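The values are calculated or read from the model by the stated rules, or taken from the named source; none is laboratory data. Everything numeric here is computed off the predicted structure, so don't read it as measured data. With ideal geometry, Cβ positions are generated from the backbone for all residues, glycine too; neighbour counts draw on all protein chains shown.
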Amino acid sequence: MLQALGLSALTEGVYRTLLAEPDWRLDQVAAHLHLSEAEVREALDELLELTLLRPAADSHALRAVSPEVGLTRLLARNQDQLLFRQQQLESARTAIAALSAEYVDRRPGDGMVVRLDSLEAVRDRLEELAASATEECLSLMRGGAVRPDSIQAGKHPNQLALERGVVIRSIFQDSFRNDPDTLRYVRWLADLGGLTRTVPLLPVRLVIVDRSVALVPTHPSDGRRGALELHGEALVQPLCALFDELWRSGAEFGQPAPRDDQDLTGSERALLQLLDQGHTDESASRKLGLSLRTVRRMMQDLMVRLGAESRFQAGAQAVRQDWL
């Protein structure tokens with residue numbers, strides 16, 4: 001009960017015993033509390049240090065100081081220490097803000113667009129943004145699998161943000177379910193309160209923090225080569241609108257992939273659209289985040305359902321049956 005004032009449970013027990021039985025000897029206190037005499041002596045030393053014991057006026061014995069005097073004095077001392085610590089922390093907060101502003105000013109960019117030229121710089125900045133977020137973090141996770149090192153780098157900042165009440169919403173491609181590591185990460189995030197939806201295709205990797213800062217890769221095909229940090233309503237709000245539209249159309253994590261009026265999943269329809277646009281199986285697999293074998297198996301299944309014997313015939317049948 002009194003540990004907040006610096007007393008251990010053992011010392012508190014000795015103090016209470018001396019208040020109730022001020023004339024007891026050391027050995028009597030030890031026997032009553034089932035302690036060794038050495039443990040009682042250690043507790044007495046602690047009580048003396050905390051000024052909760054004083055010499056008796058008429059003997060060399062020690063007397064417990066009354067709670068009204070001793071504990072009230074100890075409480076005031078702790079409050080003074082807490083106030084001093086709060087003042088120190090406030091000074092540190094001011095110093096951090098000044099240092100952060102100086103650090104931001106030294107980043108290459110024009111204020112609205114800041115270049116982060118390495119994966120390490122991107123991860124450092126994401127950690128900073130997660131720590132400073134107050135409302136929400138939004139992300140588009142393009143591709144079927146998230147690299148294990150990226151998962152590990154994002155776990156701690158995401159957990160801290162969620163514990164502060166920050167909303168985290170993530171949109172993955174449907175194909176992430178084929179990667180065990182990514183699937184485990186999404187389940188872990190969901191257990192902490194993160195919200196996840198999936199769509200067949202994502203146009204870009206993207207992170208938005210508090211709808212005021214956005215990070216997009218400098219190279220859309222390789223997010224590990226750096227990113228652009230965007231500021232300002234003109235740059236960030238269109239990206240927020242893109243996220244909101246994708247979120248509305250996405251399927252909630254944990255639910256089976258929905259099928260449309262033609263009994264097509266989003267991935268099947270996206271595959272037909274990609275092939276209609278001239279993509280090869282290889283490029284379609286990269287965009288969908290699926291293996292080449294999976295794409296070819298999906299296409300074979302679609303041809304059977306369309307009653308087509310060739311890709312060309314499948315395309316014609318898809319248009320005729322309003323699948324495209």
Meets criteria (more than 26 Å from residue 147 (Cβ to Cβ) and within 35 Å of the chain's Cα centre (by Cα)) for residue 249: yes
Residue within the range 224-233 that is touching a strand residue (DSSP E or B) at 6+ places or on another chain (Cβ under 8 Å) and modelled with pLDDT under 85 present: yes
Residue satisfying all of: in the range 21-49; at pLDDT 85 or above and assigned to a loop (DSSP other than H, G, I, E, B); surrounded by the fewest Cβ atoms within 10 Å (Cβ to Cβ) among these: 34
Condition met for residue 264 (at negative phi and crowded, with 17+ Cβ neighbours inside 10 Å): yes
Of residues in the range 3-20 being closer than 20 Å to residue 78 by Cα and either hydroxyl-bearing (Ser, Thr, Tyr) or loosely packed, with under 13 Cβ neighbours inside 10 Å (or both), the one farthest from the chain's Cα centre (by Cα): 15
Residue in the range 266-275 that is touching a strand residue (DSSP E or B) at 6+ places or on another chain (Cβ under 9 Å), without any contact (Cβ under 8 Å) to a residue 40 or more places away in the chain and in a helix (DSSP H, G or I) present: yes
Qualifying residue in the range 222-242 (condition: more than 17 Å from residue 198 (Cβ to Cβ), touching a residue at least 40 places away in the same chain (Cβ under 8 Å), not assigned by TED's automatic domain parsing to the domain that holds residue 192 and not polar (S, T, N, Q)): no
Flag if residue 295 is at pLDDT below 85, in a helix (DSSP H, G or I), exposed (fewer than 13 other Cβ atoms within 10 Å of the Cβ) and not assigned by TED's automatic domain parsing to the domain that holds residue 177: no
